[in-house]
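Let me begin by presenting the structure, written as structure tokens, before commenting on it.
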Amino acid sequence: MVELNFTSRQVAEITGLTHRQIAYWCKTGLVVPSHRTRGGHARYTFTDLIALKAAKQLIDTGVSVQRLRQCIQSLTHYLPTVRQPLAGLSLVVTGDVVLAFREGSAFDALTGQEWVFPVAQLEREILRHITQGKLRPADGVQGELFLGMETGA
């Protein structure tokens, strides 16, 4: 498959960004084009468009460019295999927190602190230990964790 490359003018039309925003973000390294022509003109790929659109959406929801830049730097530190976090991850803004989702995990984009605790997975592990006879619930345990076992559900 041939990968399309887009000019800055096309990018502005597609994303709704101004030429000035695109040039500034390129100059400051927020989102840079993947390619340049021999004459030095920027050429953006589809992945670059995703990153630009994500950056615009985050800024439109109240994330400052400075905070967005910090998130990108942090994400590239915590996830060195992700070359473009804005295009490779799902990001959700919740108040002052920018959450990044990757492979079933959610974490703070700035600190890397995990936000999701897999309770269902822990419950399955405990039940597996019980059924294998490696663990026995304490006498009188009435929590919902063990209700399914007691009723045969």
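The values are calculated or read from the model by the stated rules, or taken from the named source; none is laboratory data. Since this is a predicted model, take the numbers as computed values, not measurements. Here the Cβ is made from the backbone with ideal geometry for all residues, glycine too, and neighbour counts use every protein chain on show.
Please determine whether any residue of region 67-84 is modelled with pLDDT of 85 or more, surrounded by fewer than 17 Cβ atoms within 10 Å (Cβ to Cβ) and either within 24 Å of residue 14 (Cα to Cα) or outside the structural domain of residue 13 (by TED's automatic domain parsing) (or both). Checking region 67-84: at least one residue is modelled with pLDDT of 85 or more, surrounded by fewer than 17 Cβ atoms within 10 Å (Cβ to Cβ) and either within 24 Å of residue 14 (Cα to Cα) or outside the structural domain of residue 13 (by TED's automatic domain parsing) (or both). Among the numbered conditions (1) over 30 Å from residue 115 (Cβ atoms); (2) modelled with pLDDT of 80 or more, the only one that residue 3 does not meet is (2).
Screening residue 47 with (1) of a type outside the set (D, E, K, R); (2) farther than 18 Å from residue 101 by Cα; (3) at pLDDT below 90 gives one miss only, at (2). Among the candidates 54, 23, 42, 12, the residue that is within 16 Å of residue 89 (Cβ to Cβ) and either in the same structural domain as residue 101 (by TED's automatic domain parsing) or in contact with a Leu (Cβ under 7 Å, 6 or more places away or on another chain) (or both) is uniquely 54. The helices (runs of 4 or more DSSP H) falling completely within region 53-142 that include 3 or more residues that are more than 24 Å from residue 17 (Cα to Cα) and either in contact (Cβ under 8 Å) with a residue 60 or more places away in the chain or charged (D, E, K, R) (or both) map to 119-131. Looking only at residues in region 1-21 that are within 19 Å of residue 69 (Cβ to Cβ) and more than 22 Å from the chain's Cα centre (by Cα), the one that is surrounded by the most Cβ atoms within 10 Å (Cβ to Cβ) is 21.
Conditions tested, residue by residue: (1) aromatic (Phe, Trp, Tyr); (2) free of Cβ contacts under 8 Å to residues at least 12 places away in the same chain; (3) over 18 Å from residue 56 (Cα atoms).
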{"residue": "9", "(1), (2), (3)": "no, yes, no"}
{"residue": "13", "(1), (2), (3)": "no, yes, no"}
{"residue": "30", "(1), (2), (3)": "no, no, no"}
{"residue": "44", "(1), (2), (3)": "yes, no, no"}
